[in-house]
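See below for the structure under consideration.
Every number here is computed from the coordinates shown, using simple stated rules; none is lab data. Just so you know, these numbers come straight off a predicted model, no measurement behind them. Here the Cβ is made from the backbone with ideal geometry for all residues, glycine too, and neighbour counts use every protein chain on show.
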Amino acid sequence: MRPRHPPQTNAQALSAVLLVAAVAVVAAFAHISPAEAQQTPITLGSNLGSSSPRYLECGGAPCTLVQNALPGATVTAPSDGTITQWSMRDASGTFRLRVLQPVSGGLNIVASSAPATLSGSDSVSTFPTDLAINAGDYIGLELSATSEVGLIIRSGASMWWFESSHADGEMLSLSESLNGGAGWCEILVSASEQ
């Protein structure tokens, strides 16, 4: 004959169910890597919140623009990840997003998106992509010879401006930046990193 257990109360039964549920939740989260847990994308570059009556163009030759300072914004990747999309505002022409790794005296172009062409847009245009980016890398925007992108004059903002089109793997020397890394310009481009 088995000993008789006193009947469980509703409170005891509820406590047991909650304990099992809590253990299941902890076990589920234990199998998620830090990269999987990062669900909220990080915005690199402009927040694209304001339109601008000003445009930046390259002056008849392709160029690459790299935001190196923008108050209140993130301009370098805080961690390794993937750029899943990029956006521009107030843009016309053909563009490529570039991922640039800082090296001694310059920036190495490590990856580029497929070209995107706009016939002129005062709104935000977004393009899907799949580009690896490492902690500390910058994003840049390559413009074709006849392209223009919106810009906002912003105190504390600065960028590098490099002439010509460059292939992935090339290094852009900071000493060859046309504006020496100054400019007071917020380039209306951003990328989403996950």
Sequence-separation-based contact order of the stretch 48-178, relative, with Cα cut under 8 Å and 6+ spacing, percent: 42 percent
For peptides 75-82, 186-193, 144-151, 53-60, sequence by mean Cβ density within 10 Å, most packed first: 186-193, 144-151, 75-82, 53-60
